[in-house]
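Quick notes on the structure that follows.
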Amino acid sequence: VAAWVAGIVAHAEHYTGRAFINQAWRVTLDSFPDAIELPHPPIATVTQLRFMPTSGTMQTLDPADYVLDASSEPGYVVPARGKAWPATYAEINTVSVDYTCGYGADDTAVPAGIKLYLIAKLREQYDPAIRAEQVTIQGCYIDRLLDRYVVYA
């Protein structure tokens, strides 16, 4: 059962472009763009933003120097008002953002429509009577439950 649940959740997260339960992610870039896109909303926090300045030694950017836009989906990190991104060393992977995304530490804040989809898909795996309904209107309804949660970037 645990393997089926993990597989169904992985499929649903991939389809929607979201993280359901809190997860740690990293975005790595070759330089600073105007805004750093953070996939897998909702975005909870930026853990750290590291970069390699022209001196060639990795540094952590002060959180006061950037702002997290967690309201947009996907989320973004931009320079704080009156600030600009520092110059980086001309090399690959000179900027990295570590962040946490997801609705919370457990499933209590996951939207009801997502939970219903997960339960319905798990039931399809274990109830032979439901398998025949997969191609019916009810089966199409279940497959469409995630549509309102899809992130279009």
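FYI, it's all coordinate maths here, none of it is from the lab. On a predicted model such as this, the values are computed, not experimentally measured, just so you know. Note that each Cβ is placed from the backbone with ideal geometry, even for glycine, and that neighbours are counted across all protein chains shown.
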remark   = Along the dipole axis of segment 23-101 (charges at Cβ: +1 for Lys and Arg, -1 for Asp and Glu; origin at the Cα centre), the most positive-end residue among V77, P53, P39 is P53
query = Rounded to the nearest 500 deg cm²/dmol, what is the calculated helix-only ellipticity per residue at 222 nm for the chain, with -39500 (n - 2.57) per DSSP H run of length n ≥ 4?
reply = -8000 deg cm²/dmol
message = With viscosity set to 0.692 mPa s at 37 °C, what whole-number translational diffusion coefficient in µm²/s follows for segment 1-69 from Stokes-Einstein and a Kirkwood radius over Cα pairs?
response = 226 µm²/s
remark   = Between the alpha carbon centres of segment 61-130 and segment 1-16 the gap in Å comes to 17 Å
inquiry  = Taking just the alpha carbons, could you work out the radius of gyration and Dmax for segment 23-101, both in angstroms?
reply    = 11.9, 35
Given (i) 9.5; (ii) 12.0; (iii) 10.9, the label whose value is mean projected area of the Cα convex hull in nm² derived from this model = (iii)
remark   = Karplus-derived 3J(HN,Hα) from phi for segment 18-32 (6.51 cos²θ - 1.76 cosθ + 1.60, θ = phi - 60°), whole Hz, x at Gly and Pro, runs 10, 10, 8, 9, 3, 9, 9, 10, 9, 10, 10, 10, 7, 6, 7
